[in-house]
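> The structure's right below; bear with me while I get my questions together.
The values are calculated or read from the model by the stated rules, or taken from the named source; none is laboratory data. For clarity, every value in this text was computed on a predicted model and none was experimentally measured. Ideal geometry is used to build each Cβ from the backbone, glycine not excepted, and the neighbour counts take in all protein chains shown.
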Amino acid sequence: MYTQKNNDRFLNYFILNYITNLVTQQLYIIQGLMKFFYTLIFALISTTILSQNTYLHCGKLIDTKTGTILTEKTVVVSGNKIIKVESGYLDGNPDDITINLKNKTVMPGLIDMHVHLEQETNPNAYLEKYTASEADVAYNSVGFAEATLLAGFTTVRDLGGSGVNISLKKAINKGRIDGPRIFTAGKSLATTGGHADPTNGNKRSEIGDPGPKDGVVNSIEDAKKAVRQRYKNGADLIKITATGGVLSVAKSSSNPQFTVEEIKEITKTAKDYGFHVAAHAHGDEGMQRAILGGVKTIEHGTLMSTKTMDLMKKYKAYLVPTITAGKEVTEKAAIDGYYPAIIVPKALEIGPQIQNTFSKAFKRGVRIAFGTDAGVFKHGQNAKEFAYMVEAGMPAMTTIQCATIVNAKILNMRTQLGQIAPDFFADIVAVNEDPTKDISTMENVVFVMKDGKVFKQ
Ligand SMILES: [Zn+2]
């Protein structure tokens with residue numbers, strides 16, 4: 001039976017419940033509205049940031065395509081791309097960033113076709129082969145990559161290390177560390193006892209029998225497997241050591257070390273993966289085999305005959321001179337104990353000849369790329385090569401074209417790198433002086449942008 005008291009109790013309960021529900025509902029609505037506004041504000045801010053462009057006011061701007069210097073230009077960067085190059089000094093919206101480079105010479109980010117980011121010359125380098133673990137190599141390479149980028153080299157081709165260079169590329173691409181864009185060969189390919197055999201100079205019990213997995217090739221079958229292994233490991237191209245070299249613990253600096261058939265198999269297999277092949281070569285015979293075998297670039301080219309120069313022209317191969325490395329090994333070989341004894345005579349024979357060969361090859365019309373072999377000397381000093389090339393007879397503007405538009409073409413990036421033009425990556429550097437008047441200004445890059453981000457200003 002219902003009593004008045006029970007009725008009241010029920011009514012009270014009902015009203016209380018109703019009010020609680022109402023309040024909760026309204027709280028949900030308020031919460032929802034707040035969420036909506038937050039999202040809206042966040043979206044507005046992000047859009048503003050994303051659409052924020054950078055306007056670079058360039059007093060002088062090098063057009064690498066025509067080899068001319070333009071004046072008073074504005075380069076507009078949005079995200080990681082160049083979107084416009086306009087005459088005069090233009091300003092964007094109040095939110096956009098303006099960078100004043102009116103008293104600088106601006107050019108595309110430089111490209112070095114021959115570096116080794118895993119190593120840097122030092123008197124203990126040969127001991128470190130036994131004492132440094134992969135992690136040590138990796139930590140060291142972080143500083144080398146940064147020094148390279150800050151010197152204005154926004155792209156490099158890493159021509160050989162242990163494979164840490166592949167991890168380095170990944171870390172840079174993910175933005176975890178600062179460094180250039182890397183196109184890497186991973187581990188170089190050699191023949192047994194050849195320049196890049198990883199156990200050269202070891203005691204017999206440590207020599208082992210490295211094979212294609214470790215980058216050692218001795219047959220057509222090995223050649224296929226070694227290239228495919230590099231693909232699997234994450235390399236972007238293939239490097240072979242077609243002749244002996246200076247800094248390996250082995251007798252000859254220049255003997256041929258592959259057969260033409262092996263090289264042909266390497267370049268043929270590389271093509272399946274979209275890779276080009278670079279060949280280290282000091283000696284003439286090994287160089288000829290490499291060219292006939294279809295390699296794209298000859299590194300160093302020290303003892304190149306005129307016959308081989310003509311072969312280079314016929315096969316459209318490029319010479320990557322590395323004059324700076326030649327100068328450095330000559331200098332270091334004079335320091336007692338800096339290199340192991342077996343290396344000293346090789347360094348003194350090869351080092352001093354590189355610049356002269358470059359000069360002859362250039363004058364004969366051989367295609368020239370820009371590459372230094374940084375690591376054989378201190379990383380970040382790559383730009384020394386420009387003055388050496390000019391000293392050997394190449395016009396300053398041509399050296400800059402080699403380091404931009406020519407190298408971009410070899411890397412199959414000619415529509416994305418090597419020019420300051422719409423749709424190209426925003427890799428832009430600047431120097432204080434006009435390099436056609438003073439080439440040494442290239443050694444003092446004062447502004448570096450890579451992928452639209454400023455790293456040095
Ligand atoms: Zn090298």
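> Only one of (1) farther than 24 Å from PHE377 by Cβ; (2) part of a strand (DSSP E or B) fails for ILE182. Which number is that?
Failed condition: (1).
> Sticking with this one: Report whether or not ALA226 is more than 16 Å from the ligand (Cβ to nearest atom), small (Gly, Ala, Ser) and under 28 Å from ARG181 (Cβ atoms).
yes
> Separate question: Every residue in segment 243-288 that is in a loop (DSSP other than H, G, I, E, B) and more than 30 Å from ALA333 (Cα to Cα), please.
Passing the criteria: THR259, TYR273, GLY274, PHE275, HIS276.
> Select from segment 228-242 the residues that are in a loop (DSSP other than H, G, I, E, B) and within 18 Å of the chain's Cα centre (by Cα) and list them in ascending order.
Residues of segment 228-242 in a loop (DSSP other than H, G, I, E, B): 234-237, 242.
Once the filter is applied, which keeps residues that are in a loop (DSSP other than H, G, I, E, B) and within 18 Å of the chain's Cα centre (by Cα), segment 228-242 yields GLY234, ALA235, ASP236, LEU237.
> While we're on this one: I'd like to verify a number: residues in segment 101-148 that are touching a Gly at 6+ places or on another chain (Cβ under 9 Å) and at pLDDT 95 or above, how many?
30
> Hey, any hits in segment 219-227 for a residue that's assigned by TED's automatic domain parsing to the domain that holds PHE275, of a type in the set (Asp, Glu) and at pLDDT 95 or above?
yes
> Does PRO422 satisfy the criteria of being part of a loop (DSSP other than H, G, I, E, B) and under 25 Å from the mean Cα position of the chain (by Cα)? Even if it seems obvious, please write down each step before you answer.
On the way: part of a loop (DSSP other than H, G, I, E, B): yes; under 25 Å from the mean Cα position of the chain (by Cα): yes.
When the stated conditions are applied, PRO422 passes them.
> Further question: Return yes or no: is THR155 assigned by TED's automatic domain parsing to the domain that holds THR322, more than 26 Å from ILE420 (Cβ to Cβ), in contact (Cβ under 8 Å) with a residue 40 or more places away in the chain and of a type outside the set (Lys, Arg)?
no
> Go through segment 89-148 residue by residue and tally those that are assigned to a loop (DSSP other than H, G, I, E, B), more than 16 Å from the ligand (Cβ to nearest atom) and buried (at least 17 other Cβ atoms within 10 Å of the Cβ).
Number satisfying all stated conditions: 2.
> Out of curiosity, is LEU237 modelled with pLDDT of 95 or more and hydrophobic (A, V, I, L, M, F, W, C)?
For LEU237, the condition - modelled with pLDDT of 95 or more and hydrophobic (A, V, I, L, M, F, W, C) - is met.
The rows are residues; the columns are (1) closer than 26 Å to PRO212 by Cα; (2) under 27 Å from the mean Cα position of the chain (by Cα); (3) within 15 Å of the ligand (Cβ to nearest atom).
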| position | (1), (2), (3) |
| --- | --- |
| ILE266 | yes, yes, no |
| SER305 | no, no, no |
| LEU319 | no, yes, yes |
| LYS327 | no, yes, yes |
| TYR338 | no, no, no |
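> Then there is this: Right, ARG181: within 16 Å of the ligand (Cβ to nearest atom) and within 15 Å of LEU237 (Cβ to Cβ) or not?
So ARG181 fails the test.
> Right, next: Being more than 15 Å from THR308 (Cα to Cα) and modelled with pLDDT of 95 or more narrows it down to one residue among GLY365, GLY351, GLY380; which is it?
After ruling out the rest, the residue left standing is GLY380.
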